[in-house]
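Visitor: Dropping the structure in here first, questions after.
The values are calculated or read from the model by the stated rules, or taken from the named source; none is laboratory data. Keep in mind the model is a prediction, meaning the values are calculated, not measured. Don't worry about glycine lacking a Cβ; one is built from the backbone with ideal geometry, like all the others, and counts go over all protein chains shown.
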Ligand code: UDX
């Protein structure tokens, strides 16, 4: 089948590569000449495990092409996927200008039946606005052509996006035309593996499903973070509590890890956008508001712990930071907890020596060159002349470090762990003062 995808960002490229991988003829359209040039050379503009290889092999097989020409795009695919960005506006609502611009472009060049598929995460009601925009342009051209609009939200996790697309838990198709449902069903059949994954519903339900899923996951995290703060005050161990509650299948073990707060391109933006949509429709979403407020506070947690340890004076101190990306296996720094921590440290006169396996480039793009930030080639280098180690992203290579080396290199044996990677007793026995989330702070003297 022929597929066009507007937007060669994270969602667009993964969708394009995976649809080409199962044999479709995919054309990706973007307005950024540098990006298209890079992609044509077989280079991926983002880091996502497995994506580069997939882009290259499908391009070589002729099933995946890139263009700057929207007209070519409209002519190419029966399916016209919109996968452009929807950054948050000042007030938290999603900015739809790029989505609506694509809807307009499709209207300008449409000359036969097409299905417009919304893949971008967009507020409930966007499909209607896309339809209206395309229709408006067609009216201007004096044409009464038929087209359909579908909501088909993505559920891709960064770092595991290819696998999530190739082996999805569910494929949500929101339409108000049964014929369109069948056409999309045919496109997605290769991804059905051993059971029906397609869940068809009306457009608004599909749009809301995406926000509902992300907001519930964010709620689980904020709930656990809140509980971790209570546990600390009660002398309980949040990790034991996590195991205790996770064993109930109604609760489950996933997404109940306390930590330094959630970040990334989806949770913060989607919780805010749903809250905003609710408000616009006359409903005060108190729970969503609290989820966001708890997360805001949690992102400051590590700095608070550090500041408390040094009696509020971190001026002139140097901190070794392990991890910068908002989670492992990505170079994405959007809404990363590391940013809140680094900015607080800098504001209070401290310096940072950081290591991340993938996110140095992004960090440099955001912060530029500065005296109080040194990006190191190895985790060990960050420790040199540092006052303490702070772990903020749980990359697997940080899970079992050489603690003797850490102790020898640091000025003092102090670790702040924002992801509960280590065992408090073990670390205290090895001479560390160990601060983590929702557990008691152990020092060699408290053993
Ligand atoms: C998320 C959704 O999981 C995905 O389905 C959706 O399509 C896009 O948003 P992603 O943003 O890639 O994916 O990251 P995810 O793995 O969900 O993690 C989000 C944040 O939550 C990270 O900052 C992570 O560190 C944090 N997190 C996750 C926790 O703090 N605790 C947990 O138990 C799980």
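Visitor: Tell me which residues, restricted to the stretch 428-440, are touching a strand residue (DSSP E or B) at 6+ places or on another chain (Cβ under 6 Å), free of Cβ contacts under 8 Å to residues at least 40 places away in the same chain and either surrounded by fewer than 23 Cβ atoms within 10 Å (Cβ to Cβ) or more than 18 Å from residue 236 (Cα to Cα) (or both).
Guide: Taking the stretch 428-440 as the starting set, the residues that turn out to be touching a strand residue (DSSP E or B) at 6+ places or on another chain (Cβ under 6 Å) are 428, 432-436.
When the remaining residues are screened for being free of Cβ contacts under 8 Å to residues at least 40 places away in the same chain, the result is 428, 432, 434, 436.
Selection gives 428, 432.
Visitor: What are the pairs with Cβ atoms under 6 angstrom where one residue, in the stretch 149-162, is farther than 30 Å from residue 135 by Cβ and the other, located anywhere, is more than 13 Å from the ligand (Cβ to nearest atom) and outside any helix (DSSP H, G or I)? Sequence gap at least six, or different chains.
Guide: As it stands, the answer is 162/50, since those pairs meet every condition given.
Visitor: Quick one: residue 279 ticks every box in (1) away from the ligand (no atom under 13 Å from the Cβ); (2) touching a strand residue (DSSP E or B) at 6+ places or on another chain (Cβ under 9 Å); (3) within 29 Å of residue 85 (Cβ to Cβ) bar one, so which box is it?
Guide: That leaves (2) as the condition not met.
Visitor: Quick check on the stretch 142-161: of everything there that is outside any strand (DSSP E or B) and under 19 Å from residue 115 (Cα atoms), which residue is nearest to the ligand (Cβ to nearest atom)?
Guide: Here the answer is 154.
Visitor: Can you tell me which residue among 372, 332 is touching a helix residue (DSSP H, G or I) at 6+ places or on another chain (Cβ under 9 Å), surrounded by fewer than 17 Cβ atoms within 10 Å (Cβ to Cβ) and not assigned by TED's automatic domain parsing to the domain that holds residue 259? So that I can check it myself, show each step before the final result.
Guide: Details: 332 fails: surrounded by fewer than 17 Cβ atoms within 10 Å (Cβ to Cβ).
On inspection, the qualifying residue turns out to be 372.
Visitor: I want to confirm something. Restricting to the stretch 335-357 and keeping residues that are part of a helix (DSSP H, G or I) and surrounded by fewer than 22 Cβ atoms within 10 Å (Cβ to Cβ), which single residue is nearest to the chain's Cα centre (by Cα)?
Guide: 339
Visitor: From the set of residues in the stretch 115-130 that are part of a strand (DSSP E or B) and touching a helix residue (DSSP H, G or I) at 6+ places or on another chain (Cβ under 7 Å), which is nearest to residue 276 (Cα to Cα)?
Guide: 118
Visitor: From the list 72, 37, which one is in contact (Cβ under 8 Å) with a residue 40 or more places away in the chain, assigned to a helix (DSSP H, G or I) and over 21 Å from residue 333 (Cα atoms)?
Guide: That would be 72, the only listed residue that is in contact (Cβ under 8 Å) with a residue 40 or more places away in the chain, assigned to a helix (DSSP H, G or I) and over 21 Å from residue 333 (Cα atoms).
Visitor: Quick check on my filter: what residues within the stretch 218-245 are near the ligand (Cβ under 10 Å from one of its atoms) and buried (at least 19 other Cβ atoms within 10 Å of the Cβ)?
Guide: If the condition is that a residue be near the ligand (Cβ under 10 Å from one of its atoms) and buried (at least 19 other Cβ atoms within 10 Å of the Cβ), then 218, 221, 222, 224, 225, 242 are the ones that fit.
Visitor: Output yes when any residue across the stretch 411-418 is over 16 Å from residue 318 (Cβ atoms) and touching a residue at least 40 places away in the same chain (Cβ under 8 Å), and no when none is.
Guide: Yes, that holds for at least one residue.
Visitor: Restricting attention to the stretch 246-264, and to residues there that are surrounded by 15 or more Cβ atoms within 10 Å (Cβ to Cβ) and more than 6 Å from the ligand (Cβ to nearest atom), which single residue is farthest from residue 10 (Cα to Cα)?
Guide: Among those residues, the one meeting the criterion is 246.
Visitor: Check off (1) part of a helix (DSSP H, G or I); (2) touching a strand residue (DSSP E or B) at 6+ places or on another chain (Cβ under 8 Å) for residue 18 and give me the number that stays unchecked.
Guide: (2)
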